[in-house]
Amino acid sequence: MTTIDSSETKAERGQVLLEAKNLKKYFPVTKGLLISRTTGHIKAVDDISFALRAGETLGVVGESGCGKSTTAKMMLMLEEPTEGSILFEGGDVHNSAAVRKSYRSSVQAVFQDPWSSLNPRMRVKDIIAEPMVINWNITKAEQQERVMKLLNDVGLNEYHSNLFPHEFSGGQRQRLAIARALALNPRVIVLDEPVSALDVSIRAQIMNLLKDLQETYNVAYMLIAHDLATVRYMCTWVAVMYLGQIVELSPVQELFNNPSHPYTKALMSAALPSHPDTEQEEIILQGEVPSPLNPPPGCYFHPRCPAAMDRCSVDTPVVKEISEGHTLTCHLF
Amino acid sequence: MAADLSGIVVAPPTTKERAAAVYRKIRRLPLIPVFLLSLVVIAGVFAPILAPHDPEKGELKERNIPPAWSGGVKSVKIVVERMSINQRTTSVTLADALKIDPAAQIDDEIEVFSRPEGTTKFLLGTDHLGRDVLSRVIYGARISLLVSIVTLAVGGTIGVTMGLAAGWYGGMVDETLMRLVDIKLAIPLILIALVLVITLGQSLWIIVTVLCLFIWPRFARQVRGEVLQLKHMDYVSLAKVSGASTARILFIHIFPGTINTLIVVATLQVGIVILLESTLSFLGAGVPPPTPAWGSMVSDGRDKLAGGVWWISTFPGVAIMVTVMSLNLFGDWLRDTLDPRLRQLE
Amino acid sequence: MVTADTRIDTEVVLSVDDLRTHFTTRWGTVKAVDGISFDLRRGETLGIVGESGCGKSVTMLSLMRLIPIPPGKIVSGSIVLDGEDIVPISEQEMAKIRGSKIALIIQDPMTSLNPVFSIGDQVEEAIKIHQDIPKRSITDRALEVLRKVNIPAAESRVKDYPHQMSGGMRQRVVGAIGISCQPQVLIADEPTTSLDVTIQAQYLKLLKDIQKESDLSIIFITHDFGIVAKMCDRVAVMYAGRIVEHGSVRDIFNNPSHPYTEALLASVPRMDRVVDRLYSIEGQPPPLHDLPVGCAFANRCPVVMDKCIETYPEIKAVSDGHTAACWKVE
Ligand SMILES: Nc1ncnc2c1ncn2[C@@H]1O[C@H](COP(=O)(O)OP(=O)(O)OP(=O)(O)O)[C@@H](O)[C@H]1O
Ligand SMILES: Nc1ncnc2c1ncn2[C@@H]1O[C@H](COP(=O)(O)OP(=O)(O)O)[C@@H](O)[C@H]1O
Ligand code: SF4
Ligand code: SF4
Ligand SMILES: [Mg+2]
Ligand SMILES: [Mg+2]
């Protein structure tokens, strides 16, 4: 694709753009200095599948270390999956160079830390133009024209294009990161905690901006978050992760009205209330997340699960669909 | 447009604030080292214009003239026909006496300049071959400059390339390159230089090669360290996501991030290069004569020090010391200024 | 939950009156805290909320008398703790009060513990400074507080070093040090920002339990209204170095009277219902070294009036125990 025109990339809202199938990422743990041998594997992501749809947002929630960022990195081809495949428009990105090339320019990212996402030595206009320089065969003038349009899209203006990143506040930097992610008319944007590092009063600005842009360009988002309220506001689908696995995947309304997995329930009850009079079920999980180096047998959640049964520590639960699009991994269902 | 236009006021720093920032920088600038270094650079660049005499030719009869401000040493001697061996030099032969005074006769007492008076023709005096010390010190700056620039360019490039490769690829590449660095630190390069000179003869290129071998590991180490940090920055990942090639990432995103460090390392290394070049020249393994290098000049004047002829060694020695010290002071300042962690303390 | 109303008669342990803490910088005088007043009663939790840089941490540092001097200085006001004004007292006297009467848990659990001492040593050290008791009882007391903050198998973990513990555990050890000398007031400056939600829930519950048990008064500094809703009895909303609204937690949530409070509440997404569009606060707070003469929120306020720009609004009562500094309040 070497054009600015994005009409051909418009897809129906809800159309599946990208599918992750049985993705796994195991990081080897090695010992020894000269002759190193592998003593085990960190199962950062352990067999997960999901789909991203045009104009919709998949939220991924879970505690730190549960594999959210590793999943994002695999989706961005920054990490090679140990197993599993990513299908883009029906083609496997790891098998076909042609699919990979179009994938590269169709999937972009915004990361958490607005201070590390922008090269401090480049001017804003060069930062935003870089994806075009690499992927598109267009003139410098066309590039700059598009940079101005993108700056406008994210609520900045032409005056900002000649500045360096350190001249901006955190929220403005995140706007710049978003402008850059939009440069190639991507069809999917992976957002790894895009508002966590921002001040409360700025978060709403960025969340509203992301929603507006999705409306305009019909992109699919994969939004990684640890705050359920953010997910409720932003997402169409939610995947709850625990120790490298998706334990519950559901449309957002359904999840909040009818949280089913014991871990999802615990997360909901641990989330901070929005009002002092909110009645919350008190489920305080005991202990901490076990190490992904040697997860417990059976259901990974059983040592902390308030509903654990005998078979939970022996049998590994499988994914079940309990209603349209709502899947669970638990013996209770 | 879709976006809401809130929170977008970036106030650019006012002229007054900018001026204040510049002033703060200058105030901390080590003025004396910078001044001295500029002198050295100017001397090196404009040597042919600045030097009053040819640095490589001199009149023997004008040898060992002291600096302009020192007077001569006069003594009265008796003219004799012939000097016996081992006789104290309170006398001169008739032949020599006739050169000074055509009317001299045996048994006359004549005034002899055992050391001539300094003249403004040779501000810093002349050496044992009658060459102007000032001109030689000025040309010496040129040699030091030349050697430093060539060494930095070649050695620095090698070091930076190695450092980039080691830091970026890691693993075996890193292991191999860093072992090479360790090996270099264990080799006595001065000995090797001496051996090379004995077998191949003196030449500028041997020194430059040896000096390059000497400095690349420092560049490699520093750059590697920087790369190890920079390669985890999110903007590097984002460049990969946009499909940037490794070459593009290395040269657009990583290398510019190491430049501050490189400037500091280079400044400090120039001092070391100049010192080493002088050492090699002093040992006779340096720039071949009659090219004026500070090290060999110190060496030339060494055996004359005992006879009170101090100026041949001292001036180039001072030049070496002043240059190296200024470079170190300036390098320290640069490091403090360019290091963002220290900068925050301001 | 105990509300402010039922606490009205209990004893005031900490009373801050017109506190001003300024910093002298090269840009001018930064008025980080500029005239704040509040009372803290026994057993009560006061939340201080506001966006980054509004002076929350400087308030906390002033209460602990930990302001770096220079550039900082408490320029006026009084902090009456347990009947004594701690602003004029000497550093030596303050050192005795710190930890024993007023203690602190700060933002970053990694920097508040010394990596080279075991956690047992660090808790014992805190006890030793303030209590003149024999070594044996110090060790016992240290174990007791570590158990109190739910460190599992405390006997065997006292020899652990901070890096051997998870973030949640470390934060509990910091908590243990905070309560080790039974202070009357505990200041918690965003103690849970680095923790995961489930670990945060554990920690908040622990704080509440400890508070109930020893009738501790807590000042909870945060930018998260969720924490306020869960933990606090009363709330002070800070903006640009001043308290702009102050009231019981229900006053603030049900009847926010300052436009800034309203805007903040409307800008956070909610767990309990679908929000169509979040309110987004425009612009940025004014720099603290160059505050406007009028209301500091005027440049962002949706209902700004002419007099807002001309004169600073005095603090007015909205209802009993609920105040706001805004011209809109009559
Ligand atoms: N040592 C200091 N010297 C100069 N100014 C300071 C100093 N410490 C704090 N300030 C200023 O005081 C103001 C208030 O800072 P403070 O740390 O209290 O903010 P905060 O409300 O705790 O923010 P956050 O939510 O980010 O923790 C800021 O403008 C800050 O720059
Ligand atoms: N490059 C790596 N090498 C080894 N382990 C890793 C690596 N990256 C991530 N991990 C581990 O994988 C697990 C998941 O990490 P991550 O995806 O970053 O979690 P999060 O959900 O917080 O984003 C963690 O236990 C982490 O320590
Ligand atoms: S499978 Fe068992 S242990 Fe796992 S979540 Fe379900 S009930 Fe709990
Ligand atoms: S005083 Fe005026 S500007 Fe300030 S908050 Fe109230 S209405 Fe808004
Ligand atoms: Mg992460
Ligand atoms: Mg703070």
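Bear in mind that the values in this text are calculations on the coordinates, not laboratory data. Keep in mind that what you see is a predicted model, and the values were worked out from it rather than measured. Because the Cβ atoms are built from the backbone with ideal geometry, glycine has one as well, and the counts that use them run over all protein chains shown.
Laid out as a table, the results:
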quantity: Proximal lysines relative to residue C:328, as straight alpha-carbon distance under 28 Å, when same-chain residues fewer than 8 apart are discounted; calculated: C:31, C:56, C:307, C:316
quantity: Antiparallel content of DSSP bridges confined to segment A:10-242, in %, to 5; calculated: 55
quantity: Placed amide H near residue A:15: partners under 5 Å, 5+ positions off or other chain; calculated: A:54
quantity: Order of A:75, B:233 under a 10 Å beta carbon neighbour criterion, fewest first; calculated: B:233, A:75
quantity: Student exercise, chain A dipole from Lys, Arg, Asp, Glu Cβ charges, in Debye to nearest 20; calculated: 1000
quantity: For residue C:239, distant residues with modelled amide H under 5 Å away; calculated: C:244
quantity: Most positive-pole-ward Cα, B:173, B:214, B:233, against dipole of segment B:170-235 from beta carbon charges; calculated: B:214
quantity: Positive-end residue, segment A:10-242 charge dipole about Cα centroid, Cβ charges, pick of A:200, A:139, A:162; calculated: A:139
quantity: Set of aspartates and glutamates with alpha-carbon distance to residue A:140 below 14 Å, sequence-local pairs under 8 removed; calculated: A:126, A:130
quantity: Mean Cα-pair separation over length for chain A, i.e. relative contact order, pairs under 8 Å, 6 or more apart, %; calculated: 20
quantity: Inter-centroid distance (Cα atoms) of segment A:65-120 relative to segment A:245-321, Å; calculated: 28
quantity: Rel. contact order, % - alpha carbon contacts under 8 angstrom, at least six apart, segment B:133-338; calculated: 28
quantity: Per-bin percent of Cα-Cα distances, chain C [20 Å]; calculated: 30, 57, 13, 0
quantity: For chain C, size of Cβ-based charge dipole, Lys and Arg +1, Asp and Glu -1, in debye; calculated: 700
quantity: Net charge of neighbours whose Cβ lies under 12 Å from the Cβ of residue C:324, counting Lys and Arg as +1 and Asp and Glu as -1; calculated: -2
quantity: Of C:175, B:293, B:29, farthest towards positive along the dipole that unit charges on Lys, Arg, Asp, Glu beta carbons give the protein assembly as shown; calculated: B:293
quantity: Extension gain from residue A:309 to residue A:85, taking 0.36 nm per residue of separation minus the Cα-Cα distance; calculated: 77.3 nm
quantity: Value of Rg/Rh across segment A:10-242 [Cα atoms, Kirkwood radius]; calculated: 0.98
quantity: Against the rule of thumb 2.2 N^0.38 Å, how large the Cα Rg of segment A:134-202 comes out; calculated: 1.19
quantity: For A:230-241, mean number of other protein chain Cβ atoms within 10 Å; calculated: 2
quantity: Placed amide H near residue C:33: partners under 5 Å, 5+ positions off or other chain; calculated: C:21
quantity: Counted charge near residue B:185, where neighbours are those whose Cβ lies closer than 15 Å (Asp, Glu -1; Lys, Arg +1); calculated: +4
quantity: Rg/Rh for segment C:174-330, where both radii come from Cα atoms and Rh is the Kirkwood radius; calculated: 1.01
quantity: 10 Å Cβ neighbours from other chains, averaged over peptide A:106-117; calculated: 3
quantity: Fraction of antiparallel bridges per DSSP, the protein assembly as shown only, in percent to nearest 5; calculated: 65
quantity: Karplus (6.51, -1.76, 1.60) ³J(HN,Hα), θ = phi - 60°, over segment B:131-143, in Hz, Gly and Pro reported as x; calculated: 8, 5, 5, 4, 4, 5, 5, 5, 5, x, 4, 5, 4
quantity: Counted charge near residue C:159, where neighbours are those whose Cβ lies closer than 14 Å (Asp, Glu -1; Lys, Arg +1); calculated: -3
quantity: Inverse mean reciprocal Cα-Cα distance (Kirkwood Rh) of segment C:109-180, Å; calculated: 11.8
quantity: Segment B:133-338, Cα convex hull volume normalised per residue, Å³; calculated: 127
quantity: Principal-axis tilt of helix C:167-179 within chain C, Cα atoms, nearest 10 degrees; calculated: 90
quantity: Candidate lysines for bridging to residue A:24, where Cα separation is under 25 Å - those fewer than 8 sequence places away on the same chain excluded; calculated: A:43, A:68, A:73, A:101, A:320, B:231, B:240
quantity: Order by protection proxy (mean Cβ within 10 Å, highest first), peptides C:85-95, C:275-285; calculated: C:275-285, C:85-95
quantity: Percent of Cα-Cα distances greater than 39 Å, calculated over the protein assembly as shown; calculated: 60
quantity: Contact order normalised by residue count of chain C, Cα under 8 Å, 6+ apart, percent; calculated: 21
quantity: Exposure proxy order (Cβ contacts within 10 Å, fewest to most) of B:294, B:168; calculated: B:168, B:294
quantity: Ascending count of other beta-carbon atoms within 10 Å, so fewest first, for C:33, C:268; calculated: C:268, C:33
quantity: Computed E for residue B:94/residue B:39 - FRET, C-beta separation, R0 45 angstrom, nearest 0.05; calculated: 0.35
